[in-house]
Each structure stands twice: as C-alpha cells, then as structure tokens.
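Heads up, the thing below is written out as structure tokens.
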C-alpha cells in the first residue's frame, strides 16, 4: 500500500513539474528489497513520462531541509501522528486536492 501511495505522489508531482522536469524524492526505504521496490516505482514513472529526471534525496537530511526551506518535491512519511504532528502542523505540507481532482 505504501508503494501505491508513493507512486501516486510521484506521478502527481510529475504532472505539476515545470520545464526542467526534475523531481526530487526522499524515502526511508533502504533495505535491498525496499530499494528495488523504489526503483520499480521510479521506472514506472519514467515509462509514463520519459522526459522526467528523478533525483533521490537521502532521508537523513529531510528535517534540516524542511526547516531550511528547501524541501524535496516529495517525501515518504508514515500516516497518522508522524504526518500530522511532524509535517502538517509545521506547515511543511501543501494540499494537493486540486491536483488530485484535476488528474481524476
């Protein structure tokens, strides 16, 4: 399920990219099987949009980047308190409802 949500986020972010077509993603998936799954998601996105460049940002720098005002385009987080308490309440997230609706 997390893979599907991450893929949806990646594809929705790709739909809103500017001319440079670069998408920076941060994920805490680091085991061999998780890295393989993440790569499969990235490859599926690249097949859907061959012009996209996906840049993998290490998760260990996420908090510093958010606090410094230069977040990656998308990052992985657990739902619930981690998401709301750590990211939404700190205003690190933006609603994607309009993008979600426009993409059907």
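So, residue 86, is that one assigned to a helix (DSSP H, G or I), out of contact with any strand residue (DSSP E or B) (no Cβ under 8 Å at 6 or more places or on another chain) and either modelled with pLDDT under 90 or under 14 Å from residue 22 (Cα atoms) (or both) or not? Yes, satisfied.
The set of residues in the stretch 53-82 being assigned to a loop (DSSP other than H, G, I, E, B) and either closer than 11 Å to residue 27 by Cβ or in contact with a strand residue (DSSP E or B) (Cβ under 6 Å, 6 or more places away or on another chain) (or both) consists of 72, 73, 76, 77.
Taking residues in the stretch 16-31 that are at positive phi and surrounded by fewer than 17 Cβ atoms within 10 Å (Cβ to Cβ), and partners anywhere that are at pLDDT 90 or above and not in a loop (DSSP other than H, G, I, E, B), the pairs with Cβ atoms closer than 8 Å and at least 6 places apart or on different chains are 21/53. For the stretch 1-37, taking the residues that are part of a helix (DSSP H, G or I) and modelled with pLDDT of 90 or more, the one that is farthest from residue 102 (Cα to Cα) is identified as 32. If you check 39, 73, which single one turns out to be in contact (Cβ under 8 Å) with a residue 40 or more places away in the chain and either under 22 Å from residue 20 (Cα atoms) or surrounded by 13 or more Cβ atoms within 10 Å (Cβ to Cβ) (or both)? Among 39, 73, only 73 is in contact (Cβ under 8 Å) with a residue 40 or more places away in the chain and either under 22 Å from residue 20 (Cα atoms) or surrounded by 13 or more Cβ atoms within 10 Å (Cβ to Cβ) (or both). Within the stretch 42-52, the set of residues being surrounded by 11 or more Cβ atoms within 10 Å (Cβ to Cβ) and either at pLDDT 90 or above or assigned to a helix (DSSP H, G or I) (or both) comprises 42, 43, 44, 45, 46, 48, 52.
The values are calculated or read from the model by the stated rules, or taken from the named source; none is laboratory data. The structure displayed is predicted, hence computed values, not measured ones. Reconstructed Cβ throughout: ideal geometry from the backbone, glycine too, with neighbour counts over all protein chains shown.
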